[in-house]
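Accompanying notes for the structure given below.
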Amino acid sequence: MKRISIQDLKAQLSAAVAQAQSGSTIVVTRHNEPVAQLGPARSQHVHRGTRVGTGRLKPAVRCGAKGRYLAVLMEDRGDR
């Protein structure tokens, strides 16, 4: 994370925006205290692909638990 003062940002705004656009995060400071953050813009839309929603769900338990669901969950979780 790069730090830049407001004065330096005014002088190098185009370069700072280009860095932020490429994925870097820049912290803007005033008297060495962070006051703002400049970073890449978030995309409004997420590309999901053409196959989203066409897959099948798989059961968490392959065979019947015969009413032992809590025991099966505890086995799966371990010491978490």
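The values are calculated or read from the model by the stated rules, or taken from the named source; none is laboratory data. Values in this document were obtained by computation on a predicted structure and should not be read as measured data. When we count neighbours, we look across all protein chains shown, and the Cβ atoms used for this are built from the backbone with ideal geometry, even at glycine. For the accessible areas, the whole protein counts, side chains as well, though only heavy atoms, and no ligand, DNA or RNA atoms are used. Shrake-Rupley method; radii C 1.70, N 1.55, O 1.52, S 1.80 Å.
Observations
- Count of residues meeting criterion [farther than 26 Å from Ser43 by Cβ and open to solvent by 60 Å² or more (accessible area, probe 1.4 Å)] in the range 13-32: 3
- A single member of Arg68, Arg42, Arg62, Arg77 is modelled with pLDDT of 75 or more and either β-branched (Val, Ile, Thr) or over 19 Å from the mean Cα position of the chain (by Cα) (or both), and it is Arg77.
- Scanning the range 1-12 for residues being touching a residue at least 12 places away in the same chain (Cβ under 8 Å) and surrounded by 11 or more Cβ atoms within 10 Å (Cβ to Cβ) gives a total of 6.
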